[in-house]
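Remarks on the structure that follows.
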Ligand SMILES: Cc1cc2nc3c(=O)[nH]c(=O)nc-3n(C[C@H](O)[C@H](O)[C@H](O)COP(=O)(O)OP(=O)(O)OC[C@H]3O[C@@H](n4cnc5c(N)ncnc54)[C@H](O)[C@@H]3O)c2cc1C
């Protein structure tokens with residue numbers, strides 16, 4: 001199965017699949033309708049939120065996210081990852097609850113972690129192992145890594161359909177530039193995965209779920225960790241830049257200004273609403289499509305967190321043919 005692997009979509013998911021498969025010796029072609037990383041990945045808050053998840057089919061997978069990023073950093077030196085930890089407070093429901101990788105900290109500790117807070121909360125959940133990434137930078141490194149291991153990368157090549165042979169097996173894809181054959185096709189096209197599956201009658205229940213990323217001009221050193229509360233998910237991405245995942249521009253700006261000292265001049269630069277690929281039950285859809293031998297799907301939310309793990313495991317399933325236990329709860333046939 002290592003010959004002729006076509007990966008459709010060079011977001012962070014497809015790039016990770018292509019990198020890991022090429023590194024493991026597969027002959028990979030990675031296609032994207034546009035530029036790698038320019039899909040929803042480009043406007044992700046990009047928090048590696050591995051801590052605190054205890055339940056659900058992907059809980060064990062998610063628990064590996066931090067160590068998978070640490071591994072990837074050793075394979076791709078200079079990967080743009082920041083290990084800042086995350087601080088959360090103000091969740092509804094009263095009594096603080098912590099999960100794996102989290103601890104409760106008091107106001108003095110919160111103030112030490114975020115010195116510009118005007119009124120540190122009495123307690124917060126601190127996840128010291130959490131981090132965040134430059135999602136486009138990570139995608140570009142994965143694509144470069146795939147190329148370095150022999151993958152062919154074809155941007156600006158929209159795939160219009162999946163091809164099957166007379167026996168019903170995958171035979172490759174149709175693209176705007178003509179057909180491309182391949183014994184295995186991985187659909188990692190984010191929100192477009194459902195439409196591509198539909199070209200051969202396969203239902204992949206993934207819908208667009210809009211979320212907004214705000215970019216702000218802000219003073220250096222205003223925010224040190226990933227801060228999440230009822231108003232926003234917020235982090236500093238450069239000396240003069242903050243990003244936030246939140247709902248309303250006015251409310252978010254007002255909340256940032258009132259939460260931090262020295263934030264009076266924080267200025268909104270942009271608000272981008274992007275559709276996240278959201279499986280019908282919220283859990284990842286990763287695995288082979290039983291009805292079409294050779295076809296494989298990787299469509300998930302929180303894919304920045306999970307991309308290194310999913311890419312490595314998918315590559316192993318495709319190349320070794322073994323079912324990875326961590327992906328057992330993620331199969332398409334659960335629907
Ligand atoms: C505001 C916001 C905040 C978020 N915060 C987080 C977070 O903190 N942590 C986290 O883990 N996740 C977060 N997410 C979700 C995360 O960004 C997504 O889960 C992830 O980027 C999805 O990656 P992807 O590769 O599946 O999709 P995409 O990045 O959309 O990639 C799909 C690619 O497929 C290509 N494509 C589509 N159709 C075709 C076709 N027909 N032919 C060829 N190519 C095609 C597209 O051009 C695109 O490049 C957030 C998202 C948003 C919007």
Query raised in the report: Among the residues of region 187-194, is any touching a helix residue (DSSP H, G or I) at 6+ places or on another chain (Cβ under 9 Å), crowded, with 23+ Cβ neighbours inside 10 Å and part of a loop (DSSP other than H, G, I, E, B)?
Result: yes
Query raised in the report: Would a scan of region 305-326 turn up a residue that is within 22 Å of residue 126 (Cα to Cα) and within 15 Å of the ligand (Cβ to nearest atom)?
Result: yes
Report task. Could you tell me whether residue 282 is on the phi > 0 side of the Ramachandran plot and part of a loop (DSSP other than H, G, I, E, B)? Result -> yes
Requested in this report: Look at region 314-328 and say how many of its residues are in a helix (DSSP H, G or I) and either within 16 Å of residue 26 (Cβ to Cβ) or modelled with pLDDT under 95 (or both).
Outcome: 7
Query raised in the report: Restricting attention to region 242-263, and to residues there that are assigned to a loop (DSSP other than H, G, I, E, B) and modelled with pLDDT of 95 or more, which single residue is surrounded by the fewest Cβ atoms within 10 Å (Cβ to Cβ)?
Result: 261
Requested in this report: Kindly provide the set of residues from region 195-205 that are within 11 Å of the ligand (Cβ to nearest atom) and surrounded by fewer than 19 Cβ atoms within 10 Å (Cβ to Cβ), ordered by number.
Outcome: 195, 199
Requested in this report: Identify all residues within region 153-164 that are more than 18 Å from residue 296 (Cβ to Cβ) and either in a strand (DSSP E or B) or more than 15 Å from the ligand (Cβ to nearest atom) (or both); write none if there are none.
Outcome: 153, 154, 160
Requested in this report: Determine if region 165-176 includes at least one residue that is modelled with pLDDT of 95 or more, within 14 Å of the ligand (Cβ to nearest atom), in contact with a helix residue (DSSP H, G or I) (Cβ under 6 Å, 6 or more places away or on another chain) and within 28 Å of residue 4 (Cβ to Cβ).
Outcome: no
Report task. Mind listing whichever residues of region 128-149 are away from the ligand (no atom under 11 Å from the Cβ) and touching a helix residue (DSSP H, G or I) at 6+ places or on another chain (Cβ under 6 Å)? Result -> 129, 145, 146, 149
Query raised in the report: Condition test on residue 282, is it in contact with a helix residue (DSSP H, G or I) (Cβ under 9 Å, 6 or more places away or on another chain) and surrounded by fewer than 19 Cβ atoms within 10 Å (Cβ to Cβ)?
Result: no
Query raised in the report: assigned to a helix (DSSP H, G or I), more than 30 Å from residue 334 (Cβ to Cβ) and more than 9 Å from the ligand (Cβ to nearest atom) - does that describe any residue in region 206-223?
Result: no
Report task. Out of the residues in region 264-273 that are touching a residue at least 24 places away in the same chain (Cβ under 8 Å) and part of a loop (DSSP other than H, G, I, E, B), state the one that is nearest to residue 213 (Cα to Cα). Result -> 266
Query raised in the report: Assuming residue 41 fulfils every condition listed in (1) more than 11 Å from the ligand (Cβ to nearest atom); (2) within 30 Å of residue 88 (Cβ to Cβ) apart from one, which condition is it?
Result: (1)
Report task. Scan region 21-38 residue by residue and report those that are within 6 Å of the ligand (Cβ to nearest atom) and out of contact with any strand residue (DSSP E or B) (no Cβ under 8 Å at 6 or more places or on another chain). Result -> 34, 38
Report task. Please determine, by comparing only the residues of region 49-61 that are more than 8 Å from the ligand (Cβ to nearest atom) and crowded, with 23+ Cβ neighbours inside 10 Å, which one is nearest to the chain's Cα centre (by Cα). Result -> 50
Query raised in the report: Taking the stated definitions as given, is residue 18 farther than 28 Å from residue 212 by Cβ and within 12 Å of the ligand (Cβ to nearest atom)?
Result: yes
**Report entry** Where residue 170 falls short, out of the listed (1) farther than 29 Å from residue 46 by Cα; (2) surrounded by fewer than 23 Cβ atoms within 10 Å (Cβ to Cβ)
**Finding:** (2)
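Listed here are the residues, each with its yes/no results for (1) within 30 Å of residue 181 (Cα to Cα); (2) surrounded by 15 or more Cβ atoms within 10 Å (Cβ to Cβ); (3) more than 14 Å from the ligand (Cβ to nearest atom).
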position: 6; (1), (2), (3): yes, yes, no
position: 10; (1), (2), (3): yes, yes, no
position: 47; (1), (2), (3): no, yes, no
position: 71; (1), (2), (3): no, no, yes
position: 74; (1), (2), (3): no, no, yes
Requested in this report: Mind listing whichever residues of region 149-166 are in contact (Cβ under 8 Å) with a residue 12 or more places away in the chain and out of contact with any strand residue (DSSP E or B) (no Cβ under 7 Å at 6 or more places or on another chain)?
Outcome: 149, 150, 155, 156
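The values are calculated or read from the model by the stated rules, or taken from the named source; none is laboratory data. Keep in mind it's a predicted model, so treat the numbers as computed, not measured. No Cβ is skipped: glycine too gets one built from the backbone with ideal geometry, and neighbour counts run over all protein chains shown.
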